[in-house]
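What follows is a single structure, written as structure tokens, with notes after it.
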């Protein structure tokens, strides 16, 4: 039995944000969820409001102090975590960043290191590097993680026809088998009134999956609540013979859709519930012509290249204050090996 549950959530068009708005992950609600659920003891939330930034979208940062060997290192880092797939610094000007960095270095508890992760744009990387250097820091960039993605031109059918025949045949065969055999039920939530059910469904599948417990257990419930409240995502759950089998969280907005979190019950893997759910969710999401790109979130898991053909590298930028012992020690530790290898 199938229930595509359109009545439960409205169309994808109703949840997608305007082209002029950023996707949920780069907007203030996202950072509010991270700040409320993913700060460790001793962390302090900071906002760098540079002149070129929108007043309601400063650079959200986390300040923390940790031991590195014998040194106590104070780091001011982008508010990113193991969940984050993108951090945007659009609108940051080199001059403004340099001025802000000089002000930070005059503070009594000045940071020894500044760190930015999950950057998609090399232009943003270059701007950060230049501004940080002009502020007096020693700077390096580094590869962060891979992100698989696919541009969408003509909706689901065209997208699906371009997938490898082995993937299409396997998923379609599993879907037909489920219809003939135990039957399946698809539930999709996109509105705030479905928040409780969506959280329960996702956590039931996650608890039966192969995955380790979440490092920040309050994050997923808060994320689902914020997504459905702000109309910025979907939660989908597939049940087989009445038992939860797979669940996914999608971020939708700004012309794109991101498969952010997923899980399936390992005891039902013979049905390929995760793959079947991915196909069903994409059928729904790509029915909206405003969605022009899908991406598969953070990392290079082997299955992702079956669903998306293109990989982009994300980047990080680290900057060290050479006027502090900890900053100079970190710069030497991280940069000298590269100098030696080039010599």
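Structure summary
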| item | result |
| --- | --- |
| Principal-axis tilt of helix 28-37 within the chain, Cα atoms, nearest 10 degrees | 80 |
| Helix 94-106 axis, angle to the chain major axis (alpha carbon atoms, nearest 10°) | 60 |
| For region 92-251, the Rg and Dmax computed from alpha carbons only, in angstrom | 22.8, 70 |
| Extension gain (nm, one decimal) between residue 72 and residue 229, 0.36 nm per residue minus Cα-Cα | 52.5 nm |
| Candidates 323, 118, 245: whichever shows maximal mean-square fluctuation once the chain is modelled as a Gaussian network with Cα springs under 10 Å | 323 |
| Ascending count of other beta-carbon atoms within 10 Å, so fewest first, for 230, 120 | 230, 120 |
| Residue order, fewest to most surrounding Cβ atoms within 10 angstrom, among 288, 295 | 288, 295 |
| GNM flexibility winner over the chain from 292, 168, 180 (Cα, springs under 10 Å) | 180 |
| Helix axis angle, 325-342 relative to the chain longest principal axis, alpha carbon, degrees | 70 |
| Whole-Å distance, taken between Cα centres, linking region 181-214 and region 270-343 | 25 |
| Residue order, fewest to most beta carbons within 10 Å, for 82, 38 | 82, 38 |
| Label point distance in nm, residue 123-residue 310, each placed 7 Å from Cα along Cα→Cβ | 1.6 |
| Choice from 239, 225, 72 showing the highest fluctuation, given a GNM over the chain with Cα pairs closer than 10 Å | 72 |
| Segment residue 200-residue 164, extension gain: residue separation times 0.36 nm, minus the distance between their alpha carbons | 9.6 nm |
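All of the numbers you see were taken from the coordinates with simple rules; none came from a lab. All of these numbers come straight from a predicted model, not from anything done at the bench. Here Cβ is always computed from backbone atoms with ideal geometry, including for glycine, and neighbour counts include all displayed protein chains.
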